[in-house]
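Some notes on the structure that comes next.
Just so you know, all these numbers are worked out from the coordinates, no wet-lab data involved. Note that the coordinates shown come from a computational prediction; the quantities given were computed from them, not determined experimentally. Note: ideal-geometry Cβ built from the backbone for every residue, glycine included; neighbour counts use all protein chains shown.
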Amino acid sequence: MIKVLDGIKVLDFGRYIAGPYCAALLGDLGADVLRIERVGGGEDRYVSPVLEDGTGAGFFQMNRNKRSLTLNPTKPEGRKIVRQLIETADVVVANLPAPTLKSMGLDLESLHAINPKVILATASAFGSEGPYAERVGFDGIGQVMSGGTHLTGQPDMPQRCLVPYVDFATATNCAYGTLAALMAREKTGKGQMVEGSLLRSALTVSNTYMIEEEVLSLNRQRRGNRAYNGGPSDIFKTADGWILAQVVGNNLFKRWVMLIGCEEWLDDPRFKDDNARADNGEVISAKMNHWCADYTSAEAIALLAENRIPAGEVLSPREVLQDPQVQTMLMPQQYPGLKKSAPVVGPPITLSDTPTDFYRRAPTAGEHSDDILTEIGYTAEAIDSLRAAKII
């Protein structure tokens, strides 16, 4: 079966989420992704451990569809191997600050001295330009500096999102940029740098509120789960749990008031449009909470769905795993020592003619070192010597 990136080789020096998930997305499209990590395994293998050896939960998701080569690039023989891999690579992924890239010989100038066709996909906290270029940071830094955290939470305390959406957005942006760079290379014959940053990704997501503030100076403040542009749009208590319902636009609002028996609100100036409904959201949410109290979450969602009103149940991670719709999107992944298969979410997009695929579980540290080195000309004896010297 033809895959979009058949024949493309990716060297993944990434760590944690933004780099590794970018490389995983390229792997989903058929690229041969080589994860290059320190001897014994990189530190990101062991975040949120689920195995006795410390292997972490996120590792299975970030490193599907990859082969693993352990390597010590600080030694001359290790640097030689990196150079040989770069000679035949199409893409290098490394989410590291610019000075670190330079010191490792993974900056664009160093890469192009070896292979002018290689594409560098990189990401950092703030990008390579500006006063914060050399600062480091994680997902939460992008969140709090984008304005989104200020708008999230209860009035007395801002609340960052514990799900690292900025990291994943950055990874997706970098994968999108890498595909564009591969297309450009078909025209120019030359590779280029694809650069993402956590702050840029976070600002992209919150940009609407920045524009609104600049133009209207609204100085919006936190209001819990209630939306700024419609109503009811909130989390509501049902007889046995919680649901989110979101009403935006006059047509949806009309269907909602007919459902709950408040037709007179259609002529009430407090609810004339989305902005007015948002400004009077406490009144609307109180009415919706009163309505929801008579139904279980399943019953409320069924009634809302009948009336084409968007709604969903607030699910715990255990409940997510049991949801029949979610189950269609999971690809169970086996791994040595794992008592249960890891429920890894499959590729985030589907293609009708050149499918994305999950074809290789996340690798153990150095699982494919021998195969990868054999492919670039090393003999079994030479590989044994490298291993004895702790270069691999």
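Descriptive notes on the structure:
- Between T100 and V144, the simple spin-label model (points 7 angstrom out along Cα→Cβ) gives 2.0 nm.
- Relative to the longest principal axis of the Cα atoms of the chain, the long axis of helix 76-87 makes an angle of roughly 70 degrees.
- Derived scalar couplings ³J(HN,Hα) [the range 208-217; Karplus, 6.51 cos²θ - 1.76 cosθ + 1.60; whole Hz; x for Gly, Pro]: 4, 6, 5, 4, 4, 5, 5, 7, 10, 6
- Bins of 10 Å, starting at 0 and running to the largest distance - Cα pair percent for the range 242-313: 19, 59, 22, 0
- Neighbour-count ranking [beta-carbon atoms within 10 angstrom, fewest first] of T122, T238, T296: T296, T238, T122
- Straight-line cross-link partners of K237 among the lysines, defined as a Cα under 27 Å from its Cα and at least 8 positions apart when in the same chain: K254, K272, K287.
- Reducing the range 347-392 and the range 281-328 to their Cα centroids gives an inter-centroid distance of 45 Å.
- Relative contact order of the chain, defined on C-alpha pairs under 8 angstrom at six or more residues apart (%): 19 percent
- Full extension of the chain between A389 and Q221 yields a length gain of 54.6 nm, computed as 0.36 nm times the residue separation minus the alpha carbon distance.
- Amide H contacts of V344 (H built 1.01 Å from N, under 5 Å, at least 5 apart or other chain): M331, Q333
- Mean-position separation - Cα centroids, the range 91-120 and the range 196-240, in angstrom: 37 Å
- For the peptides 27-36, 337-346, 216-225, 162-171, the ranking by packing is 27-36, 162-171, 337-346, 216-225, with the highest mean count of neighbouring Cβ atoms within 10 Å listed first.
- Hz values of 3J(HN,Hα) by residue in the range 297-305 - Karplus curve (6.51, -1.76, 1.60), Gly and Pro given as x: 4, 4, 5, 4, 5, 4, 5, 5, 5
- Nonlocal amide H pairs with W242, under 5 Å, H built at 1.01 Å: V314
- Cα shape, the range 122-205, gyration tensor, a/c 1.5 rule: prolate
- Remark: the Cα gyration tensor places the chain in the prolate category, a/c being 1.5 or greater and a/b exceeding b/c.
- Rounded to the nearest 0.05, the FRET efficiency derived from the C-beta distance between S128 and R83 at R0 = 22 Å is 0.40.
- Calculated FRET value between T74 and L338, using beta carbons and R₀ = 30 Å, to 0.05: 0.40
- Among beta bridges identified by DSSP and lying wholly in the range 1-114, the antiparallel ones come to about 10 percent.
- Panel order for K190, K9, by other beta carbons found within 10 Å of each beta carbon, from fewest to most: K190, K9.
- Only helices enter the 222 nm calculation for the chain: every DSSP H run of n ≥ 4 contributes -39,500 (n - 2.57), and dividing by all residues gives -12000 deg cm²/dmol, rounded to 500.
- 3J(HN,Hα) couplings calculated from phi for the range 63-73 with the Karplus curve 6.51 cos²θ - 1.76 cosθ + 1.60 (θ = phi - 60°) are, in sequence order, 10, 5, 6, 10, 10, 10, 10, 8, 7, 10, x Hz; Gly and Pro show x.
- Unmatched cysteines, the chain - criterion: no other Cβ of a Cys under 4.7 angstrom: C161, C262, C292
- Share, in percent, of DSSP beta bridges within the chain that are antiparallel, nearest 5: 40 percent
- Residue range of the chain that is longest and free of GluC sites (Glu not before Pro) which are both DSSP loop and sparsely packed (at most 11 other C-beta within 10 Å): 130-392
- Close amide H contacts of T354 (hydrogens built in the peptide plane, cut-off under 5 Å, sequence separation of 5 or more or a different chain): none are found.
- Length available on full extension from D323 to I260: 0.36 nm per residue minus the Cα-Cα distance, which gives 19.9 nm.
- Added length on full extension, which subtracts the Cα-Cα distance from 0.36 nm per residue, M183 to Q246: 18.7 nm
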